[in-house]
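All remarks here apply to the structure that follows.
The values are calculated or read from the model by the stated rules, or taken from the named source; none is laboratory data. On a predicted model such as this, the values are computed, not experimentally measured, just so you know. Every residue, glycine as well, gets a Cβ built from its backbone with ideal geometry; the counts of neighbours run over all protein chains shown. These area figures cover heavy atoms from the full protein model, side chains too; ligands, DNA and RNA do not enter into them. Shrake-Rupley method; radii C 1.70, N 1.55, O 1.52, S 1.80 Å.
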Amino acid sequence: MKNTKEFVEHYGLAMSAKDMSDLLTAISVADHTRDLRWMSLFRESRCSDFERDLQELMERVRREQRFATGDKSASKERLSKLRIEMNKLGLDALYVPHNDQFVIKFLPKCSERVEWLTAFGGSAGEVVVTKERAAIFTDGRYIELVGEVTDTELFSSYLHSEIQPLQWLNNELRDGGTLGIATALHTSSWLDKAQRYLADTGITAKPLEEHPLDRIWASRPPEPVGCVEAHPIDLAGRTTSEKLALVAPLFDSVEAIFLNVPETICWLCNVRGADVETSPIIRSMAIVRKQAVDWFVDKRKLPSGIELDPSINVLPIQSVWEELAKLKGTRVLFSPSQTNGRVANTLMAAGATMETAADPFRIYKACKTEQEQEASQRAHVKDGLAIVRFLHWFEKEAPKGELTEFGAAQKVDEFRALSECFRGVSFTTNASVGPHAAMPHYKPTADASCHIKMGDLFLFDSGGQYQEGTTDITRTIAVGKPTEQMRRCYTYVLKAHIALASLKFPQGSRAIQLDTVGRSELWRGGMDFDHTTGHGVGSYLSVHEAPPSVGQFDNGHKMFPGMIFSNEPGFYSPGLWGIRIENLVLVKETGEQDYRSRPILELHSLTLAPYCRALIDTSLLTTEQIAWVDEYHLRVRESLANELEEEVKSWLVDATEPLQSAK
């Protein structure tokens, strides 16, 4: 078939050629790298010729795509056009957030406004543009990367910890002015805080229904259409109706709960999708009642024959605003920090009685069911096999001097893809050496990638999505003989990692308390790191979820059995190298209680991969710490060895030999 018009006419499809073309393009930008599930979105009776021609048509669509994304060389022109739009709207400044109406961290290309404007594609970054200046704000993971990938003559860069965007803007607009804010791209709580801050300045916030950047974004990728699949109950552990029953008491005081976060909706409805590259979410919204869920979603994403829980009513995504406007007098609960400002404004205009609280489902989502816990352990065995195969391969290839950071990153993904259960990466693999490794979340590209050489420290941070669970691992590897300083620093990072991994603590302990336990080991060595010690991880969902978030700031998150989070201390020597060690851990009960009858909890390391023996200085480890490493390595060997090829198995046996004899 030459084009969509011929295809539609030949097979007699009940859609126009334009609708067919739009659908194929929207499917093509979703994440369908692993299988042909997307073909089930075409409900017509299909034959082998239909499938063959449809695949060929899709390949042609992908080849012909010319979407405009981040481009450092284009930033000057794009910034100039944006300022023209600002002038039309009477704006002295404009906020460009890394967010969209679905309040998610991992965005599809159509929502990567910061990247399109600046060429910076990190997950933490926002831009403020005035008539004369522009600034990017990020955190310690990305500050060096921002300076490397953006045009520094156009964009100044700042750490959030040093100055907040609105503080910077207040310094810039001393005489006041008008700030444009697209309300759908910010949470309700952020808008409230911004209004309170701006009240003490001469700056007025002007709410916008559409972001001005969208008007100048030519060749913008479309909203993705990823194929929805039901998540099996034997993996989820609870039906949607059973999950609704968990929050039933809330409906004594409210009549509806609004959900804006796709991860919660996917968990509640036991569905997964393919809208974004690294997380099996479905970009959608929901109004939850005591025994039913009104699920607002692009119906093109649902294949024929999909079986959903009887409590779920599927409605068109565009009808959500109309339905919200009907809630006059209805008591609606929503989370201000997880609901976009347009939703809150619509509810207010409708005359709804607005009740605010944290997402009532998220604690149940964070505390995995027994089925989810068991499935996650199976996923980590599959992931461990891939990582061990990669480490064996890397040890042979890296010393040759031909391997690049980008090549290594691709190879990690290739080993994961050997598993039939692999559904894609859980985030873009970070693989780095030298100064790049000192940037905690540096991502190599085919065009900008260093060669790995002898004497380097190689850091890779990667994860996989399996139907059984989500994984995330970081290892740091010595290429050749490491220096004593490298070994000392690595060992202190390992000590911090062990301190948290071996901790026992009462149920309800705050996340900040756990952060201090690991970090204090690094303090003893005169070291520290700027990122959090750990982040929550979903069950075949987002690799970053909360609670818990284990960091230096007291976010109120408490620890309960069934939670899964990362244990990832690090140390970064700017301009030289970086070290990080990461395992995912599962919070479990020990069966013991403290003096207040609180259950005592412990952490079970789910990740299965050896640490780098060449970087461990056993003279800096206690007997207990050595025993912990040896016990962990034994479990890695016993869990994986029998599934590996003989050569790789032999390598793993050597890599997991006890450290005890080296003390």
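What to note about this one:
- Those residues of the stretch 184-230 which are assigned to a helix (DSSP H, G or I) and open to solvent by less than 20 Å² (accessible area, probe 1.4 Å), in sequence order: Ala184, Leu185, Ser188, Ala194, Leu198, Pro212, Leu213
- Number of the condition not met by Ile317 [criteria: (1) more than 17 Å from the chain's Cα centre (by Cα); (2) closer than 30 Å to Gly122 by Cβ; (3) open to solvent by less than 20 Å² (accessible area, probe 1.4 Å)]: (3)
- Leu173 surrounded by 20 or more Cβ atoms within 10 Å (Cβ to Cβ) and farther than 26 Å from Ala546 by Cβ: no
- Of all residues making up the stretch 372-421, the number that are of a type in the set (Asp, Glu) and in contact with a Leu (Cβ under 8 Å, 6 or more places away or on another chain): 3
- Scope the stretch 35-66; condition under 32 Å from the mean Cα position of the chain (by Cα), buried (at least 16 other Cβ atoms within 10 Å of the Cβ) and either of a type in the set (Asp, Glu) or not in a helix (DSSP H, G or I) (or both); matching residues: Phe42
- Residues that are crowded, with 18+ Cβ neighbours inside 10 Å, not in a helix (DSSP H, G or I) and not charged (D, E, K, R) were ranked within the stretch 355-374; the one that is nearest to the chain's Cα centre (by Cα) is Phe361.
- Counting only strands (runs of 3 or more DSSP E) that sit wholly inside the stretch 450-561, those with at least 1 residues that are in contact (Cβ under 8 Å) with a residue 60 or more places away in the chain and open to solvent by 30 Å² or more (accessible area, probe 1.4 Å) are 504-506, 545-550.
- Residues (of a type in the set (Val, Ile, Thr) and modelled with pLDDT of 95 or more) located in the stretch 88-127: Val96, Val114, Thr118, Val127
- Lys5 being at pLDDT 95 or above, open to solvent by 60 Å² or more (accessible area, probe 1.4 Å) and either under 22 Å from Pro303 (Cβ atoms) or not in a loop (DSSP other than H, G, I, E, B) (or both): no
- Among residues of the stretch 585-618, those that are loosely packed, with under 13 Cβ neighbours inside 10 Å, of a type in the set (Ser, Thr, Tyr) and touching a residue at least 24 places away in the same chain (Cβ under 8 Å), counted: 1
Table: residues versus (1) touching a strand residue (DSSP E or B) at 6+ places or on another chain (Cβ under 9 Å); (2) outside any helix (DSSP H, G or I); (3) free of Cβ contacts under 8 Å to residues at least 60 places away in the same chain.
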| position | (1), (2), (3) |
| --- | --- |
| Thr278 | yes, yes, no |
| Ser304 | no, yes, no |
| Leu327 | yes, yes, no |
| Ala349 | no, no, yes |
| Ser376 | yes, no, no |
| Ala379 | yes, no, no |
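- Selection over the stretch 106-139 of residues that are touching a strand residue (DSSP E or B) at 6+ places or on another chain (Cβ under 9 Å) and within 27 Å of Ser335 (Cβ to Cβ) gives a count of 11.
- Among the residues of the stretch 327-371, those identified as of a type in the set (Asp, Glu) and farther than 23 Å from Arg283 by Cβ are Glu355, Glu370.
- Residues in the stretch 140-178 that are of a type in the set (Val, Ile, Thr) and either at pLDDT below 90 or within 17 Å of Lys443 (Cβ to Cβ) (or both): Ile143, Val146, Val149, Thr150.
- Answer from Gly578, Gly526 - the residue that is modelled with pLDDT of 95 or more and on the phi > 0 side of the Ramachandran plot: Gly526
- One residue from Arg378, Arg362, Arg423 being among the basic types (Lys, Arg) and more than 27 Å from Asn260 (Cα to Cα): Arg378
- Residues that are in a loop (DSSP other than H, G, I, E, B), without any contact (Cβ under 8 Å) to a residue 60 or more places away in the chain and among the charged types (D, E, K, R), drawn from the stretch 126-173: Lys131, Glu132, Arg133, Glu153, Glu162
- Thr622 surrounded by fewer than 16 Cβ atoms within 10 Å (Cβ to Cβ) and closer than 25 Å to Arg488 by Cα: yes
- The set of residues in the stretch 75-117 that are among the β-branched types (Val, Ile, Thr), more than 25 Å from Ser28 (Cα to Cα) and buried (at least 22 other Cβ atoms within 10 Å of the Cβ) contains only Val96.
- Some residue of the stretch 404-420 being under 17 Å from Leu576 (Cβ atoms), among the β-branched types (Val, Ile, Thr) and open to solvent by 10 Å² or more (accessible area, probe 1.4 Å): no
- Enumeration of residues in the stretch 329-347 that are under 28 Å from the mean Cα position of the chain (by Cα) and either small (Gly, Ala, Ser) or in a helix (DSSP H, G or I) (or both): Ser335, Pro336, Ser337, Gln338, Gly341, Arg342, Val343, Ala344, Asn345
- Filter result (surrounded by fewer than 21 Cβ atoms within 10 Å (Cβ to Cβ) and under 30 Å from Pro569 (Cβ atoms)) within the stretch 123-140: Ser123, Ala124, Glu126, Asp139, Gly140
- Any hit, the stretch 232-254, residues being closer than 16 Å to Ile104 by Cβ and open to solvent by less than 40 Å² (accessible area, probe 1.4 Å): no
- Pick from the stretch 390-403, criterion open to solvent by less than 40 Å² (accessible area, probe 1.4 Å) and either in a helix (DSSP H, G or I) or among the hydrophobic types (A, V, I, L, M, F, W, C) (or both), ranking: farthest from Ala614 (Cα to Cα): Leu403
- The stretch 7-28 residues that are touching a residue at least 40 places away in the same chain (Cβ under 8 Å), paired with ones that are of a type in the set (Lys, Arg) and open to solvent by 20 Å² or more (accessible area, probe 1.4 Å) (beta carbon under 8 Å, 6 or more apart): Leu23/Arg300; Ala26/Arg300
- Lys443 part of a loop (DSSP other than H, G, I, E, B), open to solvent by 50 Å² or more (accessible area, probe 1.4 Å), out of contact with any Pro (no Cβ under 8 Å at 6 or more places or on another chain) and on the phi < 0 side of the Ramachandran plot: yes
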